[in-house]
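**Q** Take this structure, written in structure tokens, and hold onto it; I'll ask about it next.
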Amino acid sequence: MKILNKENFEKDFNKKYKVDFNKIPSNYFKFKKLTFLDNETISNKRYSYWLNVFKTLIASPIFILSGIVFIAIFIASMVISNNAVPIPNSALRPGTGAEMPGWYVPLNEKESKLFLFGFGSNGEDYWKECWIGTKNTFIFALVVIAFQLVLGLILGLIWGFFKKSDILFINITNIINLMPSIVFILVAIFLMGKGFWPIVIAITIQSWISFASATRIQTMIIRNREYNIMSKLLATNNFKIMIKNILPKIAPIVISVGSFAIPDAISMDASLSYLNYGFVDGINTTTLGFILQSVLSSTKWLTTPSLIIFPSLIIIIISFSFFLFSYKFANALNPRYQK
């Protein structure tokens, strides 16, 4: 290793630039006196994790587009369903049976109107019925996802970080998983009664385990990394280590697991509706799962394909946009993919 002193520096400078260093006017240089604190200060910009997450997200066209589609469908379902009548109300429905999209003269009216989705199985306006179902499905799915995510993250972090809690959580999850999901939910409904919240609570009691298991595994991998051991030696409390050191590392994986939660919620809603234990009656209100279950329980969709096409198309768009939204959000949370 070459030691660079003043004499060596001048020789290297003269050789490299073909200029005598001592003949350069002193006013060409700007001298600054360094203090002890200057040597201990990092000149780089302060790193902000969430600011980098935000920059990564706004730079992703897929995230923005999928988010716009997802939010647009949610807002449309809220607006359109508020102006819709209960379905299928026999006094207000425009037809007598299922019809494809087109212009029809509603019952007790003289002028024809355009029905974008046609008529439902009982002659109801299928456009309004699908949007009412979309609103209730959205609310149901988002509430279930929120409960799963929050409960799974909190319990998963505790489960993975504290070794002594392992036996307790393993016993709890084994007891819950002994019973099949649909049977467990039906038992919960028998105990708490039919309704929105009993079903949400019953689904959450079982579904948090998948989130917590994913969180636990990743927490166990990261908890003994060098920076976490150093944080413990510096007397950093466990809560700060979990929130600041571990959570940003495991959040992408947990959110990736949750990207399939909406299709799962719709599937569970359809299964409960088929067993007549759903939280809607199909008369005053409905869901996309109930609509699909009702359509598939008869053969009307064979002659009127619109009965199955439109609710299925809405479910596909919601699920796919939510998947892309979650996928890009998970990538943005990963420091390796940040801008």
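**Q** Working only within region 200-228, note down all residues that are within 20 Å of the chain's Cα centre (by Cα) and small (Gly, Ala, Ser).
**A** Answer for region 200-228, where residues must be within 20 Å of the chain's Cα centre (by Cα) and small (Gly, Ala, Ser): Ser207, Ser210, Ala212, Ser213, Ala214.
**Q** Just for region 109-156: of the residues that are out of contact with any Pro (no Cβ under 9 Å at 6 or more places or on another chain) and part of a loop (DSSP other than H, G, I, E, B), which one is nearest to Met220 (Cα to Cα)?
**A** Looking at residues that are out of contact with any Pro (no Cβ under 9 Å at 6 or more places or on another chain) and part of a loop (DSSP other than H, G, I, E, B), I get Glu111.
**Q** Related question: Please give the number of the condition Ser60 fails out of (1) at pLDDT 80 or above; (2) open to solvent by 100 Å² or more (accessible area, probe 1.4 Å).
**A** Only one criterion is unmet by Ser60, namely (2).
**Q** Got a sec? Which of Ser256, Ser298 is hydroxyl-bearing (Ser, Thr, Tyr) and farther than 19 Å from Phe119 by Cβ?
**A** The match here is Ser256.
**Q** Could you list all residues from region 146-199 that are among the aromatic types (Phe, Trp, Tyr) and either open to solvent by 70 Å² or more (accessible area, probe 1.4 Å) or closer than 27 Å to Ala270 by Cα (or both)?
**A** Phe147, Phe162, Phe184, Phe190, Phe196, Trp197
**Q** Right, something else. Would you mind telling me which numbered condition in (1) of a type in the set (S, T, N, Q); (2) assigned to a helix (DSSP H, G or I); (3) over 28 Å from Tyr49 (Cα atoms); (4) open to solvent by 40 Å² or more (accessible area, probe 1.4 Å) Gln218 fails?
**A** Failing condition for Gln218: (3).
**Q** Can you confirm whether Lys194 is free of Cβ contacts under 8 Å to residues at least 12 places away in the same chain and among the basic types (Lys, Arg)?
**A** Here the answer is no, as Lys194 does not meet what is asked.
**Q** Give me the pairs, please: first residue somewhere in region 98-126 and β-branched (Val, Ile, Thr), second residue anywhere and part of a loop (DSSP other than H, G, I, E, B) and modelled with pLDDT under 90, beta-carbon distance under 8 Å, and either six or more positions apart or on two chains.
**A** Listed by first residue and then by second, the contacts come to Val105/Glu111; Val105/Ser112.
**Q** In region 192-210, which residues are of a type in the set (A, V, I, L, M, F, W, C) and either more than 17 Å from Val257 (Cβ to Cβ) or in contact with a strand residue (DSSP E or B) (Cβ under 6 Å, 6 or more places away or on another chain) (or both)?
**A** Met192, Phe196, Trp197, Ile199, Val200, Ile201, Ala202, Ile205
**Q** Give me the residue from region 263-282 that is open to solvent by 30 Å² or more (accessible area, probe 1.4 Å) and in a loop (DSSP other than H, G, I, E, B) and, out of that set, nearest to Ile189 (Cα to Cα).
**A** That would be Tyr277.
**Q** How many of the residues making up region 1-53 are part of a helix (DSSP H, G or I), among the β-branched types (Val, Ile, Thr) and at pLDDT below 70?
**A** Number satisfying all stated conditions: 0.
The values are calculated or read from the model by the stated rules, or taken from the named source; none is laboratory data. These numbers come from a predicted model, not from an experiment. Cβ: placed from backbone, ideal geometry, glycine included. Neighbour counts: every protein chain shown. Just the protein is used for accessible areas: all its heavy atoms, side chains included, with ligands, DNA and RNA removed. Shrake-Rupley method; radii C 1.70, N 1.55, O 1.52, S 1.80 Å.
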